[in-house]
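Scroll down for the structure; my scribbles are underneath it.
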Amino acid sequence: MHERKPSPLAARQVDAATLKAFAHPLRMRMYDHLKDHGAATASMLARAMGESTGQTSYHLRQLERHGLVEEDSGRGTARERWWIAAGFSFTPDVLEEDRTARSTLQVVEQHQLSVRAERLQEWLRRSEHEDPQWVAVASSNEVTLPMTAEELESMTMAVAAVMREHLDRAREARADHGDDGRRTVKIYQYAFPLPQEQTAEE
């Protein structure tokens with residue numbers, strides 16, 4: 001079996017039980033909102049989601065229970081808590097722990113793909129009227145070529161290491177100089193094999 005190496009960008013790996021707890025439509029939407037907009041309270045999330053505060057409070061407790069959100073210790077009061085998304089990752093290896101997790105994994109991955117497609121489509125619509133400086137540095141790349149699994153893993157690890165270097169540098173600069181000129185940036189990376197071509201004998 002090919003051993004999966006930890007990526008330089010890898011966050012906490014979650015198990016099948018945590019993945020199942022996450023795979024709830026409202027919980028995934030709330031988590032996405034916290035990732036994209038930063039810390040929020042249950043009442044803020046309720047307004048953003050079009051739900052009651054009771055609903056968002058309940059689902060925040062479930063997300064907290066599984067370590068998927070954390071309290072923002074720098075904000076809040078005894079009456080109102082602020083929450084941030086806690087980074088996590090998962091791989092198909094969770095199926096080895098619980099074979100029933102396959103459908104859960106598909107639900108989460110389908111949600112992620114849908115959100116990413118929506119984000120990209122929204123950017124394409126908006127880019128015509130965006131700041132030219134930001135349009136110039138936005139990127140979209142596609143490459144297709146034959147590789148071995150080892151070559152793909154080596155390239156993916158190298159890209160992740162470069163991303164980690166730049167992310168760490170950006171965080172340090174933000175801590176020193178604040179948010180002047182900064183905008184939240186979304187970065188996606190995909191790398192996967194295409195279907196194998198069938199031979200005439202098959």
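The values are calculated or read from the model by the stated rules, or taken from the named source; none is laboratory data. Keep in mind it's a predicted model, so treat the numbers as computed, not measured. Glycine also receives a Cβ, built like all others from the backbone with ideal geometry; neighbour counts cover every protein chain displayed. Heavy atoms of the whole protein, side chains included, go into the accessibility calculation; ligands, DNA and RNA do not. Shrake-Rupley method; radii C 1.70, N 1.55, O 1.52, S 1.80 Å.
A few points about this structure:
- Filter result (out of contact with any helix residue (DSSP H, G or I) (no Cβ under 9 Å at 6 or more places or on another chain) and either among the β-branched types (V, I, T) or under 17 Å from P25 (Cα atoms) (or both)) within the range 59-103: R61, E64, T77, T91, S103
- Residues located in the range 81-92, provided they are open to solvent by less than 80 Å² (accessible area, probe 1.4 Å) and either farther than 22 Å from K20 by Cα or in contact with a strand residue (DSSP E or B) (Cβ under 9 Å, 6 or more places away or on another chain) (or both): W82, W83, I84, A85, A86, G87, F88, S89, F90, T91
- Inspection of the range 51-69 finds a residue satisfying the criterion of being aromatic (F, W, Y), part of a helix (DSSP H, G or I), out of contact with any Phe, Trp or Tyr (no Cβ under 6 Å at 6 or more places or on another chain) and modelled with pLDDT of 95 or more.
- Any pair with Cβ under 8 angstrom, 6 or more apart, that starts in the range 108-123 at a residue that is over 11 Å from D32 (Cα atoms) and ends at one that is part of a helix (DSSP H, G or I) and open to solvent by less than 80 Å² (accessible area, probe 1.4 Å): V108/L19; V108/F22; V108/M28
- Taking the criterion of being at pLDDT 95 or above and of a type in the set (A, V, I, L, M), no residue of the range 70-83 qualifies.
- Residue list for the range 104-118, filter: farther than 20 Å from T18 by Cα and either exposed (fewer than 10 other Cβ atoms within 10 Å of the Cβ) or in contact with a helix residue (DSSP H, G or I) (Cβ under 9 Å, 6 or more places away or on another chain) (or both): V115
- Number of residues in the range 119-128 that are open to solvent by 90 Å² or more (accessible area, probe 1.4 Å) and in contact with a helix residue (DSSP H, G or I) (Cβ under 9 Å, 6 or more places away or on another chain): the value is 1.
- Any hit, the range 151-170, residues being without any contact (Cβ under 8 Å) to a residue 12 or more places away in the chain, out of contact with any His (no Cβ under 9 Å at 6 or more places or on another chain) and surrounded by fewer than 10 Cβ atoms within 10 Å (Cβ to Cβ): no
- Residues of the range 28-52 satisfying the condition of being open to solvent by 20 Å² or more (accessible area, probe 1.4 Å) and more than 13 Å from A86 (Cα to Cα): R29, H37, S43, M44, R47, A48, M49, G50, E51, S52
- Note on the range 93-103: residues that are surrounded by 13 or more Cβ atoms within 10 Å (Cβ to Cβ), more than 23 Å from D32 (Cα to Cα) and not acidic (D, E) amount to 1.
- The range 173-184 - residue that is surrounded by 10 or more Cβ atoms within 10 Å (Cβ to Cβ) and under 28 Å from N141 (Cα atoms) and, of those, farthest from the chain's Cα centre (by Cα): A173
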